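Asker: There's a structure below that I have some questions on.
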Amino acid sequence: QLIAAESEVAGIFKGNDQPAKLAFVSARKGTPLRGQETVKLVFTEKDHSKDEQAALKALFGDYGSALVIGIQLDGKVVTCDVRHEAHKQKPISSPTSVKMSEFKNENGQLSGKLTTDGTSEAFGETWEVNLTFKAKAP
């Protein structure tokens, strides 16, 4: 149960007003963007911790509803992919809709708060994110 102790996620993730319980989060090394290192935060309903391809498979629904957020090392959100079971359009990419606050990268641990500041909309779908998390740094 070491993984469970090292990562936590709590809060709201809704798609078209339907809640999803994101129970798992992991941080993985992301693809550099404009010369900057990135980290991919993968939030899912089902345990994805042993899957090297978790970020990609999460967007195809292998782990239920999912949120895949790409951040720079300072916590700035650069990519955001939303996959919610209640959405007809899956996944939705909307990097400007989610903001990070209270971000910390210390003692091998990433933590912070991700929020859409209410309901966001794209492609006729709505979603809302208000999550706090902590995950082992990649």
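Asker: What does the charge count near Val77 come to, summing +1 for each Lys or Arg and -1 for each Asp or Glu among other residues with Cβ under 12 Å from its Cβ? Numbers along the way, then the final one.
Answerer: Details: positive: Lys40, Lys76, Lys99, Lys113; negative: Asp74, Asp81.
Neighbourhood net charge equals +2.
Asker: Lysines near Lys136 by alpha-carbon distance under 18 Å, same-chain residues fewer than 8 away left out - which ones?
Answerer: Filter leaves Lys29, Lys40, Lys46, Lys50, Lys76, Lys104, Lys113.
Asker: Ok, one more. For region 79-138 and region 36-50, what is the separation of their C-alpha centers, rounded to whole Å?
Answerer: 11 Å
Asker: Tell me, what are the semi-axes, in whole angstrom and largest first, of the equivalent ellipsoid of the chain as set by the roots of 5 times the Cα gyration tensor eigenvalues?
Answerer: Values: eigenvalues 89, 54, 41 Å².
Working from the Cα gyration tensor, I get semi-axes of 21, 17, 14 Å.
Asker: Using a simple charge model, +1 on the beta-carbon of Lys and Arg, -1 on the beta-carbon of Asp and Glu, nothing else, what dipole does the chain show about its Cα centre, in debye to the nearest 20?
Answerer: Values: 18 positive and 18 negative charges, 49 e Å.
It comes to approximately 240 debye.
Asker: Which loop trypsin sites (Lys or Arg not before Pro) in region 64-113, with loop taken from DSSP, have no more than 14 other Cβ atoms within 10 angstrom of their Cβ?
Answerer: Lys76, Lys88
Asker: Take every Cα-Cα pair in region 29-103 and report what % of them are more than 21 Å apart. List each step's numbers first, then the result.
Answerer: Values: 713 of 2775 pairs.
The answer is 26 percent, as a whole percent.
Asker: Distances over 13 Å make up what percent of all Cα-Cα pairs in region 1-62? Intermediate results must be reported in sequence, preceding the final value.
Answerer: On the way: 1259 of 1891 pairs.
Cα-Cα pairs in region 1-62 separated by more than 13 Å: 67 percent.
Asker: Based on the alpha carbon coordinates of region 72-138, what radius of gyration and maximum Cα-Cα distance (Dmax) apply, in Å?
Answerer: Looking at region 72-138, its Cα Rg and Dmax stand at 13.0, 41 Å.
Asker: When the chain is modelled as a GNM with alpha-carbon springs shorter than 10 Å, which of Ala122, Ala66, Ala55 fluctuates the most?
Answerer: Among Ala122, Ala66, Ala55, the largest mean-square fluctuation in the Gaussian network model of the chain belongs to Ala122.
Asker: Ignoring ligands, DNA and RNA, please state the percent of accessible area on the chain from carbon and sulfur, probe 1.4 Å.
Answerer: After summing per-atom areas, the C and S share lands at 49 percent.
Asker: How large is the accessible surface per residue of the chain, computed with a 1.4 Å probe and reported in Å² as a whole number? Numbers along the way, then the final one.
Answerer: Numbers: 7430 Å² over 138 residues.
In whole numbers, the chain has 54 Å² accessible per residue.
Asker: From the C-alpha gyration tensor of region 66-105, pull out the three semi-axes of the equivalent ellipsoid (sqrt of 5λ each), sorted largest to smallest, in whole Å.
Answerer: 22, 9, 8
Asker: With labels modelled as points extended 7 Å from the Cα through the Cβ direction, what inter-label distance (nm, one decimal) is found for Thr119 paired with Glu37?
Answerer: Using points 7 Å along Cα→Cβ, the separation is 4.0 nm.
The values are calculated or read from the model by the stated rules, or taken from the named source; none is laboratory data. Computed from a predicted model, the values in this text were never measured in an experiment. No Cβ is skipped: glycine too gets one built from the backbone with ideal geometry, and neighbour counts run over all protein chains shown. The accessibility values were calculated without ligands, DNA or RNA, using every heavy atom of the protein model including side chains. Shrake-Rupley method; radii C 1.70, N 1.55, O 1.52, S 1.80 Å.
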